Protein chains: 2
Amino acid sequence: MSDAKYMRVFQAVADEKRFEILKLLQSGAKTVGEIADSLGYLQPQTSKHLKILHQAGLVRVEAVANKRIYHLEKDGFTVLGDWLSSYIQRWEDQLDRLDAYLKEEEES
Amino acid sequence: MSDAKYMRVFQAVADEKRFEILKLLQSGAKTVGEIADSLGYLQPQTSKHLKILHQAGLVRVEAVANKRIYHLEKDGFTVLGDWLSSYIQRWEDQLDRLDAYLKEEEES
DNA sequence: TTTAAATATACCATTTTTAGAATATTCGTC
DNA sequence: GACGAATATTCTAAAAATGGTATATTTAAA
């Protein structure tokens, strides 16, 4: 996985308004207008933030007539999970080593 | 967990140089000078970036004489994992391993 | 085919973030 | 206690991201 892909996700979430949009979408998919109204944002800004979230793979768009319904999308979160697990692994291994050490102690 | 805490971690990682510093530290703890040299950054910038990573709980400092050795720190990654798991739950099947790890953390 | 609603884009101002250079601080050694 | 090495901080300029307003685009309905 390219660093650029990771960065796109981190940069997308690292903005308070986009962070709030993701949180709101946890309660279900919503149109641009609904998101803007719910959070008190202007429509153009909301569209721009959604575009960034979309490019990061964190949301997907469903077109219905002249409405655009935004849903949370798995891909972006998976990217984050992949990145994270390569670091988390480090402490998991530590626990494993401790575990192995304790077992050896037991045996002696 | 407060949104501010999540934001500090996302904003910390959402910078290419800080991203590279974290990656470098995976190969082991290093002094400011070693990090700056390895990545071709100037020392003052390196210190500033490390400060932001530290405030996010992603690194810790070990003081040895007039040197400062920076290590990866679990806390910041756990914060990210907590945030992620609240979203990942909706897609359950994937990232089982990370999810299982985080649940163990919760219990301890 | 004109109109209104919903959304996206473009453009410019503004705020925030980062970089660079100089300086301060801390620690060990002479 | 003076000096050099390692790191942190401060200040200003530059760069990047965000906000606001106007406008374009698309769609349904009159």
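The values are calculated or read from the model by the stated rules, or taken from the named source; none is laboratory data. Just so we're clear, the structure is a prediction, and the values are computed from it rather than from any experiment. In this analysis, Cβ positions are derived from the backbone assuming ideal geometry, glycine residues included, and neighbour counts consider all displayed protein chains. What goes into the accessible areas is simple: the full protein's heavy atoms, side chains included, and nothing from ligands, DNA or RNA. Shrake-Rupley method; radii C 1.70, N 1.55, O 1.52, S 1.80 Å.
Quick notes on this structure:
- Here residue A:74 passes the criteria (1) more than 10 Å from DNA strand C (Cβ to nearest atom); (2) away from chain B (no Cβ under 11 Å); (3) modelled with pLDDT under 95 except the one numbered (2).
- Scan of the range B:64-89 for residues that are touching a strand residue (DSSP E or B) at 6+ places or on another chain (Cβ under 8 Å) and near DNA strand D (Cβ under 10 Å from one of its atoms), ordered by number: B:67, B:68, B:69, B:70
- Screening B:33, B:81, B:28, B:40 for residues that are within 9 Å of chain A (Cβ to nearest Cβ) and free of Cβ contacts under 8 Å to residues at least 40 places away in the same chain leaves exactly one candidate, B:81.
- Residue selection: residue A:63 satisfies the criterion of being open to solvent by 60 Å² or more (accessible area, probe 1.4 Å), without any contact (Cβ under 8 Å) to a residue 12 or more places away in the chain and over 12 Å from the mean Cα position of the chain (by Cα).
- When B:99, B:37 are screened for being at pLDDT below 95 and either more than 11 Å from DNA strand C (Cβ to nearest atom) or over 15 Å from the mean Cα position of the chain (by Cα) (or both), only B:99 passes.
- Looking only at the range B:24-45, and only at residues there that are within 21 Å of residue B:75 (Cα to Cα) and not aliphatic (A, V, I, L, M), the one that is farthest from DNA strand D (Cβ to nearest atom): B:26
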